[in-house]
Amino acid sequence: MHNTLSTEVRAVAEELTACRRALHQRPELSFAEHETTAFIEAQLRALGITDIDRPTKTGLVAHIFGSKPGKPAAVAVRADIDALPIAEDNDLPFLSQNPGVMHACGHDGHTAMLLSVAKLLSQSRGSFCGEARLIFQHAEELPPGGAIELYRAGASKGLDALLGLHLSSAYPTGVFGIKGGPLTANVDRFDVILTGRGGHCALPEQCIDPVVAGAQLVLSLQTVVSRRVGATDPAVLSVCKFVSGASYNIIPDEAQLSGTIRSFSPQTRAHMEAEIRRITEGVAMSTGTRAQMEWTAGYPSVFNDAALTTLARSVLHDRFGEEGILDIACVAPGEDFSYFLADAPGFFVELGTRTAAGGCDMPHHNPRYRMDESALPRGVQFELDMLRKLLDGTRENLPERSPSCA
Ligand code: NI
């Protein structure tokens, strides 16, 4: 009974692979996915799906309405569709035909899976109540990313829940990596320029030394995580760049410092930014330098809703058994799926595609990245099962209406 795909999913497995390979041959860069989006739209229209929005140049949102009676809900699945500026170095019959561009992160698989979901839902409208929304998102790979644009255009408005999936060569083929709560970190960056007054090394009293000020700043910033953030609240602050001076005997005019900050809650993120600004201003004041800070906010943390995580676990258990589930820790790369979570609680899952045979164990974003395609039908199955559970006409499986991660 376990470890089984439904008949309908098995029936589309072959065209799912063909679709993924077609997409793999025509990769397009972030914000330039024109052919890809046209392909998606043509596929959807051929299925009789006409309720399609194009709220951004290359993003696409399709709405499929079920006819099952009951209390309706709205649930979305998001797939990212963009590729990377990487020259493919594989030996495959369906290599990238676009020189210097490659689907090296598996987004071709995400897109193909969601198209299969579209097909199966459009053929079984009596199996769900309310709206299944399919968000084909452009530009996940290039901050500020496509999600924030789609979110601002209302793509996730009115949703009760949102699902996302990433294929991953970190896990064995077909195994789902799940985790409740924070899954990815908030990723932020800061750049500081400390301006002093340069001069002769032997006459420091006539200068304002930005090297000493910068050294003080590096050390003072170490207190943000150790003294200002709770022990059970994971956070990282690393000053990774400190550039100043050109000679051993000249006090320079300025010092440049850059660093990265990782945090897992919106509160800690805001708190750390405030602390870093305060300390920087304080060090500047105490040393007589002038501080200029630039803050660059990256993708926010993906927060998996507790109720949706529990539901996903039971759906996966029923379909694939415990051997199909792996409890995972936080994953390192950022994900802009998180922007949609301001509108609705969500759940983001990792699906393994790793087998040593056939070279399907290379990391993502590598020119030799490959996926074990046999995992793809399982992703389709998961998305379908979750949608039908959440849109079963009872609204009982839905999470709390208020977003978990506002
Ligand atoms: Ni990716």
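Results, tabulated for the structure shown:
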{"quantity": "Residue count for region 239-267, restricted to those that are polar (S, T, N, Q), free of Cβ contacts under 8 Å to residues at least 60 places away in the same chain and either part of a loop (DSSP other than H, G, I, E, B) or over 29 Å from Val225 (Cα atoms) (or both)", "calculated": "2"}
{"quantity": "Residues (within 30 Å of Pro72 (Cα to Cα) and hydroxyl-bearing (Ser, Thr, Tyr)) located in region 357-395", "calculated": "Thr394"}
{"quantity": "Residue satisfying condition, being buried (at least 21 other Cβ atoms within 10 Å of the Cβ), within 16 Å of the ligand (Cβ to nearest atom), touching a residue at least 12 places away in the same chain (Cβ under 8 Å) and of a type in the set (Phe, Trp, Tyr), within set Phe136, Phe128", "calculated": "Phe136"}
{"quantity": "Contacts under 9 angstrom Cβ, first residue in region 86-113 being among the aliphatic types (A, V, I, L, M), partner open to solvent by 10 Å² or more (accessible area, probe 1.4 Å) and within 12 Å of the ligand (Cβ to nearest atom), 6 or more apart", "calculated": "Ile86/His365; Val101/Leu84; Met102/Leu84; Ala104/Leu84; Ala104/His364; Ala104/His365"}
{"quantity": "Hey, Ser116 among the polar types (S, T, N, Q), within 19 Å of Arg378 (Cβ to Cβ), open to solvent by 20 Å² or more (accessible area, probe 1.4 Å) and away from the ligand (no atom under 16 Å from the Cβ) or not", "calculated": "no"}
{"quantity": "Residue identified as within 16 Å of the ligand (Cβ to nearest atom), under 29 Å from Asp361 (Cα atoms) and open to solvent by 40 Å² or more (accessible area, probe 1.4 Å) among Pro85, Pro99, Pro93", "calculated": "Pro85"}
{"quantity": "Among the residues listed as Gly321, Gly334, the single one being within 25 Å of Arg354 (Cα to Cα), open to solvent by less than 60 Å² (accessible area, probe 1.4 Å) and modelled with pLDDT under 95", "calculated": "Gly334"}
{"quantity": "Checklist (1) open to solvent by less than 60 Å² (accessible area, probe 1.4 Å); (2) modelled with pLDDT of 95 or more; (3) at negative phi applied to Pro266, failing item", "calculated": "(2)"}
{"quantity": "Any chance Ser338 is within 16 Å of the ligand (Cβ to nearest atom) and in a helix (DSSP H, G or I)", "calculated": "yes"}
{"quantity": "Tabulated pairs, region 152-177, first closer than 18 Å to Ala329 by Cβ and assigned to a loop (DSSP other than H, G, I, E, B), second within 16 Å of the ligand (Cβ to nearest atom) and modelled with pLDDT of 95 or more, C-beta under 6 angstrom, 6+ apart or interchain", "calculated": "Val175/Gly352"}
{"quantity": "Residue identified as open to solvent by 30 Å² or more (accessible area, probe 1.4 Å), out of contact with any Phe, Trp or Tyr (no Cβ under 8 Å at 6 or more places or on another chain) and within 16 Å of the ligand (Cβ to nearest atom) among Ala153, Ala170", "calculated": "Ala170"}
{"quantity": "Boolean, Leu316 is touching a residue at least 24 places away in the same chain (Cβ under 8 Å), more than 16 Å from the ligand (Cβ to nearest atom) and surrounded by fewer than 21 Cβ atoms within 10 Å (Cβ to Cβ)", "calculated": "no"}
{"quantity": "Single residue of Ala139, Ala112 found to be under 19 Å from Phe348 (Cβ atoms) and in a loop (DSSP other than H, G, I, E, B)", "calculated": "Ala139"}
{"quantity": "Filtered residues of region 231-258 (kept if in contact with a strand residue (DSSP E or B) (Cβ under 6 Å, 6 or more places away or on another chain) and over 21 Å from Asp209 (Cα atoms))", "calculated": "Ala235, Val236, Leu237, Ser238"}
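One line per residue, one yes/no per condition, for (1) under 16 Å from Glu383 (Cα atoms); (2) among the hydroxyl-bearing types (Ser, Thr, Tyr):
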{"site": "Ser314", "(1), (2)": "yes, yes"}
{"site": "Asp318", "(1), (2)": "yes, no"}
{"site": "Asp327", "(1), (2)": "no, no"}
{"site": "Ala332", "(1), (2)": "no, no"}
{"site": "Phe337", "(1), (2)": "yes, no"}
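The values are calculated or read from the model by the stated rules, or taken from the named source; none is laboratory data. For clarity, every value in this text was computed on a predicted model and none was experimentally measured. Note that we place each Cβ from the backbone using ideal geometry, even for glycine, and neighbour counts take in every protein chain shown. Heads up: the accessible areas ignore ligands, DNA and RNA and are worked out on the full protein's heavy atoms, side chains in. Shrake-Rupley method; radii C 1.70, N 1.55, O 1.52, S 1.80 Å.
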